[in-house]
Amino acid sequence: MGKANKETVHLVSSAATGYFYSLRRKKGKGKLAVTKYDPIARKHVAFQEKKLSRLKRKYKPGMKVEAEEKTAE
């Protein structure tokens, strides 16, 4: 069997709502940027391909948020 030539990419909303689309496409292509509907913002906005590692991270009690750290200083 050969190596899979498709990868899963995530399109994240530029409206900063946290909404994203997931899709599979061929490897080796450039970054994808399209205009799609964001149901949270209720309008069409630009979506860019990004990693979801920061978005998937859950808040845990006792974990400091970056914004709180900056305001505390």
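A short reminder: the numbers here are calculations on the coordinates, not readings from a lab. Keep in mind the model is a prediction, meaning the values are calculated, not measured. Ideal geometry is used to build each Cβ from the backbone, glycine not excepted, and the neighbour counts take in all protein chains shown.
Summing +1 for each Lys or Arg and -1 for each Asp or Glu among the other residues whose beta-carbon sits under 14 angstrom from that of Lys31 gives +4.
Would you mind checking Lys6/Lys51; Lys6/Lys36; Lys3/Lys36; Lys3/Lys50 for any pair whose Cα atoms are more than 19 angstrom apart? Don't skip to the answer; put the middle values down first.
Values: Lys6/Lys51 16 Å; Lys6/Lys36 22 Å; Lys3/Lys36 31 Å; Lys3/Lys50 23 Å.
Flagged as over cut-off: Lys6/Lys36; Lys3/Lys36; Lys3/Lys50.
Using 0.36 nm per residue and subtracting the Cα-Cα separation, the extra length available between Lys50 and Lys29 on full extension is 6.2 nm.
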